[in-house]
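Participant: One structure, as structure tokens, below. Some questions next.
Values in this text are rule-based calculations from the coordinates and carry no lab data. Remember, it's a predicted structure, so these values are computed and weren't measured experimentally. FYI the Cβ positions are ideal-geometry reconstructions off the backbone, even for glycines, and counts take in every protein chain you see.
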Amino acid sequence: MTDQPQPGFAEPITQPEAPTESETLVELEEADTGTPLVGIIMGSQSDMDTMSGAAKVLEEAGVRSETRVMSAHRDPAMVADYCQNARMRGLKVIIAGAGLSAALPGVSAAHTDLPVIGVPLSSRLSAAGGLDALLSVAQMPPGVPVACVGLDNAKNAGHLALRILRA
């Protein structure tokens, strides 16, 4: 068979070559205008030590991020506003850490079409060592996708965000 279109047939489909990692990094660097690409949010100030692991991974890779504390329960309007305007402000990925009922990742995903990575967090109040948060993040309803990393594993969320940005 030739690459020439046959009468009545569509032109042959050719797949573009995937960019190399170095080409993707160059594109990211050229796009860098000082705007954060990743938003890191958490439900409580007490989560900051754990969630800073994601920021550190991103910083080491030269990717800008911003970190905010906001609660899906105590201030749902703030979470909705942040997520609805994230794309307009230049964010490409949101990392949301939460413990107990871990509503923040799902609420975030409900208010944006950006990728959301959920970090289930353990606490002294969590049931079964954080299983409640893990299941809350992993068990999203259809149409509300949230990626879920391991319990307290914000570093992996940072690594996943890098892979998403480089895809």
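Participant: On each of the three principal axes of the Cα atoms of region 76-125, give max minus min coordinate, whole Å, ordered largest first.
Facilitator: On the principal axes, region 76-125 reaches 37, 20, 14 Å in Cα extent.
Participant: What are the radius of gyration and Dmax of region 23-140, computed over its Cα atoms and given in Å?
Facilitator: Here Rg and the maximum Cα pair distance are 14.4, 46 Å.
Participant: Then there's this: Please list the non-local residues whose amide H lies under 5 Å from the amide H of Gly118, H modeled 1.01 Å from N, same-chain partners needing a gap of 5 or more.
Facilitator: Counting only residues 5 or more places away or on other chains, the set is Ala96, Ala147, Cys148, Val149.
Participant: Which whole-Hz ³J(HN,Hα) couplings does region 126-133 yield from phi under the Karplus relation 6.51 cos²θ - 1.76 cosθ + 1.60, θ = phi - 60°, glycine and proline marked x?
Facilitator: Ordered by residue, 3J(HN,Hα) equals 6, 7, 6, x, x, 4, 4, 5 Hz.
Participant: Which order do the peptides 48-59, 149-160, 102-113 come out in when sorted by mean C-beta neighbours inside 10 angstrom, highest first? Mind showing how you got there, number by number?
Facilitator: On the way: 48-59: 19.1, 149-160: 21.0, 102-113: 22.9.
The packing order, highest mean first, is 102-113, 149-160, 48-59.
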